[in-house]
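Encoded as structure tokens, the structure appears first; notes follow it.
The values are calculated or read from the model by the stated rules, or taken from the named source; none is laboratory data. Everything numeric in this text was worked out from a predicted model, so none of it was measured. Note: ideal-geometry Cβ built from the backbone for every residue, glycine included; neighbour counts use all protein chains shown.
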Amino acid sequence: MFTTVPALLGVALHAQLVAPLPRVPLPRPDPGVARAVTHSNRERAGTLTGRTLTLALDLQESAWRPEGVDDPEVPIIAFSERGKAPSVPGPLIRVPRGTEVHLTLRNLTDSNVTVHGLRPPSDDPEQDTVQLAPRTTRELRYRLGVAGTYLYYGAFASNSFLDALWKDSQMLGALVVDEPGASTSDHVLVLSEWFHPYDDNRPFEVVSVINGKGWPHTETMQLKQGDSTRFRVLNGIPLHHPLHLHGFYYRIESRGTGTRDTPVPRGAQHLSNTDVIDPGHTYTLSFVPSTPGNWLYHCHLAFHADETVSLSGSPRDSAAAAQLAAHTGDHGASRAEHSMRGLVIGIKVTPAAGYTEPVIANARRMDLFVQKSPNRLVTGAPAIGFALQKGDTPPARDSVVLPGPVLELRRGEPVAINVHNSLDEPTSVHWHGLEIESFPDGVPHWSGLEQKLYTQIAPGETFVAAFTPPRAGTYPYHSHLNDRRHIQSGMYGAIVVTDGPRDVTRDHLIVVGGGGPEIEPKIESPYALVNGRRSPRALRLKAGVTHRLRIVAIHPDWRVALTLRNDSTIARWRALATDGADLPASLATRRAAHIEMGPGQTADFEFLAATPGTWRMEVRSVESGFYIPLEVIVEPATKR
């Protein structure tokens, strides 16, 4: 997660050939330190008298349990409001714009600490930092004059934000400045991570949390169908996160750098369901939960939402199993191979009065098989993926299409996708981005409504995902059980929803996904495929004809960058849609043909090449990793 693949690949490959190293005991908190509590960011810190906030914050050594009550406890330094327990995240500072802040900061530790972000907005690092020597106190007075969402954080004096990974990783919190009279009934979500490396090439220990806890111990949001909802998201982790909301589209209202928040004009607030948040940045989004049921909001990098970011291992081996059962009401979940952990929030939307679940009738049937094909991937590993039945005969049991077959659906036309599990293990499929009912959404022991919960697809069993796609667009479908291993092995594909027949001579898919076995659970995979191949077949376009390029990014470990260019120039294309939703006119513009995307994102572009020639779509991981060129040949409009 933090080390580039080429540097560790040899070590990781070697690790496959030897017995795993024994687990090293986690570092323990010092005896007698205070225990940090979870902070849900609803209660404001300090005393607001008129237009003045009086607040006293301490920094102190603490013991933190980021998962269940019986799971590991680790040492951190945390903020506390004077006289109260330390908390993760730190106390919520929330005031109306124009408030004068009288702040007392006290460092009760033996470390030199620098605190950032308490006086936003500021472009001057000296103006926005406070140096605290051990056992010292500082008094600050300042005015918060610009509304927005800001991240405050502390770090050891020798550390930057990107280095605050160990005991200083949880010295952070949210600062929200509201316009006078504005609603404060929103949800403030602070992402943070605790990291501890070892010597001797041992796997590091890491835990990722939202508001102080990792799934399934995170707080479940209780929403009502039809009620407007706002999230303020603050990324306190020095990594990018593609955050995905199941079931609904949202609009991003503002984006922040941590110390400066910029509103997004209404005309530029496009619909999306997956967005990448940069390290130390914030955004505020709003949506209407229009469909009741159980949903998720989570990071779509698979190793940020599985056992990789847990200190306690599998839910089957800890109190997490019981916690999951309490979350879902399904006590069979404690026996399931459910591996979601880390950066995941559960959302329960209660039905409005008079709600009735839609009945799917006269649905077009499709039979989709989840199968294993031996020796299909690099190193001779098997592919795990999909095959679609054509006619009356099921596909061969060892056949897998890479990427999965394109599911061609029609807007407003009911479909019943019979998912047959031919594997020797449970599986599940998520129809990413589609605005459908909760039950077929595909999250084991979670999706559904009240007592009707989806479980998983056991070996040899079939699940019928019946729904009516309401919007034309481009979407991924993929595994949602043991996601990282299955998506790395090929269990993903594209859904194209249209209003009429699709002309595949002018409408083209580019799917970037996994293409090899897991090397080591805590190292990104070096393997990738473009359109199912490491050397993809060329795209052939006609000159003088407008073409639609549909791009699906679904590699489980990497953000990807795509650039359409030749040896001398970058092409230009017109943006059409993101995440299956058409862009507003202000954003549907011609631009340089380059885009960076996170797992789960899709983007549609219009490309017109006036003359014949050869281009290449350069596909690479944003960080060090893979590079795959896709040749794009523009042929004369009429062949002779």
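Considering the range 69-95, the residues that are of a type in the set (Gly, Ala, Ser) and outside any loop (DSSP other than H, G, I, E, B) include one that is surrounded by the fewest Cβ atoms within 10 Å (Cβ to Cβ), namely Ser80.
Residues in the range 216-236 that are in a strand (DSSP E or B), surrounded by fewer than 23 Cβ atoms within 10 Å (Cβ to Cβ) and β-branched (Val, Ile, Thr): 1 in all. Each residue in the range 418-435 was checked for being assigned to a loop (DSSP other than H, G, I, E, B) and crowded, with 23+ Cβ neighbours inside 10 Å, and 4 of them qualify. Counting the residues of the range 1-57 that are in contact with a Ser or Thr (Cβ under 7 Å, 6 or more places away or on another chain), surrounded by 11 or more Cβ atoms within 10 Å (Cβ to Cβ) and modelled with pLDDT under 75 gives 2. Give the range 268-300 a look and list any residue that's under 13 Å from Gly256 (Cβ atoms) and hydroxyl-bearing (Ser, Thr, Tyr), or say none. Matches in the range 268-300: Thr282, Tyr283, Thr284. Taking the range 378-435, which residues are of a type in the set (Asp, Glu) and touching a residue at least 24 places away in the same chain (Cβ under 8 Å)? Within the range 378-435, Asp398, Glu408, Glu413, Asp424, Glu425, Glu435 meet the criteria. Within the range 399-410, one or more residues are more than 27 Å from the chain's Cα centre (by Cα), at pLDDT 95 or above and outside any loop (DSSP other than H, G, I, E, B). Looking at the range 277-290, can you tell me whether even one residue there is assigned to a strand (DSSP E or B), touching a residue at least 12 places away in the same chain (Cβ under 8 Å), buried (at least 24 other Cβ atoms within 10 Å of the Cβ) and in contact with a Gly (Cβ under 6 Å, 6 or more places away or on another chain)? For the range 277-290, residues assigned to a strand (DSSP E or B), touching a residue at least 12 places away in the same chain (Cβ under 8 Å), buried (at least 24 other Cβ atoms within 10 Å of the Cβ) and in contact with a Gly (Cβ under 6 Å, 6 or more places away or on another chain): present.
Test Pro263 against the stated conditions and say whether it is surrounded by fewer than 19 Cβ atoms within 10 Å (Cβ to Cβ) and touching a Ser or Thr at 6+ places or on another chain (Cβ under 6 Å). Please lay out each step first, then the result.
On the way: surrounded by fewer than 19 Cβ atoms within 10 Å (Cβ to Cβ): yes; touching a Ser or Thr at 6+ places or on another chain (Cβ under 6 Å): yes.
So Pro263 fits the description; yes.
The condition of being within 22 Å of Ile554 (Cβ to Cβ), of a type in the set (A, V, I, L, M), crowded, with 21+ Cβ neighbours inside 10 Å and touching a residue at least 60 places away in the same chain (Cβ under 8 Å) holds for only one of Leu296, Leu239, that being Leu296.
Each row is one residue, and each column tells you yes or no for (1) over 21 Å from Ile93 (Cα atoms); (2) of a type in the set (S, T, N, Q).
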position: Glu219; (1), (2): no, no
position: Arg232; (1), (2): no, no
position: Tyr250; (1), (2): yes, no
position: Thr259; (1), (2): no, yes
position: His298; (1), (2): yes, no
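When Val207 is tested against (1) free of Cβ contacts under 8 Å to residues at least 24 places away in the same chain; (2) in contact with a Phe, Trp or Tyr (Cβ under 7 Å, 6 or more places away or on another chain), exactly one condition is not met: (1).
Of note, Val401 satisfies the criterion of being of a type in the set (A, V, I, L, M) and within 24 Å of Pro536 (Cα to Cα). Considering the range 444-480 alone, what residues qualify as being surrounded by fewer than 18 Cβ atoms within 10 Å (Cβ to Cβ) and part of a strand (DSSP E or B)? Matches in the range 444-480: Lys452, Thr462, Val464.
For the range 522-534, name all the residues that are over 21 Å from the mean Cα position of the chain (by Cα) and not in a strand (DSSP E or B). Hits for the range 522-534 are Asn531, Gly532, Arg534. Applying the condition of being part of a strand (DSSP E or B) and of a type in the set (Ser, Thr, Tyr) to the range 481-521 and asking which residue is surrounded by the fewest Cβ atoms within 10 Å (Cβ to Cβ) yields Thr498. If you go through the range 373-398, how many residues are surrounded by fewer than 20 Cβ atoms within 10 Å (Cβ to Cβ) and over 23 Å from Ile510 (Cβ atoms)? Adding up the residues that qualify gives 15.
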